[in-house]
1. Taking a temperature of 10 °C and a viscosity of 1.306 mPa s, what whole-number D in µm²/s does Stokes-Einstein yield for region 15-125 with Rh from Kirkwood over alpha carbon pairs?
2. How many angstrom lie between the Cα centre of region 21-43 and the Cα centre of region 77-125?
3. Place the peptides 89-95, 78-84, 63-69 in order of packing, highest mean first, counting for every residue the other Cβ atoms within 10 Å and averaging per peptide.
4. Tell me, what is the percent relative contact order of the chain, built from C-alpha pairs under 8 Å that lie six or more residues apart?
5. Near Lys82, which aspartates and glutamates are there with a Cα under 12 Å away, not counting those fewer than 8 places off in the same chain?
6. Of the options Ser34, Leu51, Asn15, report the single residue whose Cα projects farthest towards the positive end of the charge dipole of the chain (beta-carbon charges: Lys, Arg +1; Asp, Glu -1).
7. Let's see if you can work this out: charge +1 on each Lys and Arg Cβ, -1 on each Asp and Glu Cβ, no other charges. What is the dipole magnitude of the chain about its Cα centre, in debye to the nearest 20?
Amino acid sequence: MLKLKDLIVERIDYNQVATKIVKSYGLKSKVKFSRGKTFADYDWVKDIINLRPSYSSMKDFLMTVLHEIHHALQRKKFGVNKYEKLYQRAGDVAVNKGKDFHDDNPFEEEAEKWAKKNLSKWMKK
């Protein structure tokens, strides 16, 4: 028989966790939550990481936050205008090769690899 103590799960404050991780990488990006079809997106003009209000696992949440942080780090490195130009150009090249603008964009692939590499810093062991 299940007891109440077995059903109590620690609640995670996604906003607090995401904001802490963002700041740990020396970024001033804002973190916001909204409903959408994607896991998240990064608004490089306003420097806002937009996340969903819930994720199927902590790993999915952390991977998503780290992925978007990589975009913010790239924006910080190149500047807003140059980042936008480079991202757009990379997406256009993918499309010209018959691939998807977003999914086959090297900026997205690099962000995913970076997130995987940094995940272990944030996962509880």
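1. Stokes-Einstein gives a translational diffusion coefficient of 110 µm²/s.
2. 15 Å
3. Packing order, densest peptide first, comes out as 63-69, 89-95, 78-84.
4. 19 percent
5. none
6. Of the candidates, Asn15 comes out farthest on the positive side.
7. Roughly 560 debye for the chain.
Where a number appears in this text, it was derived from the coordinates with a stated rule and is not lab data. Given the structure is predicted, the values throughout are model-derived calculations rather than measurements. Note that each Cβ is placed from the backbone with ideal geometry, even for glycine, and that neighbours are counted across all protein chains shown.
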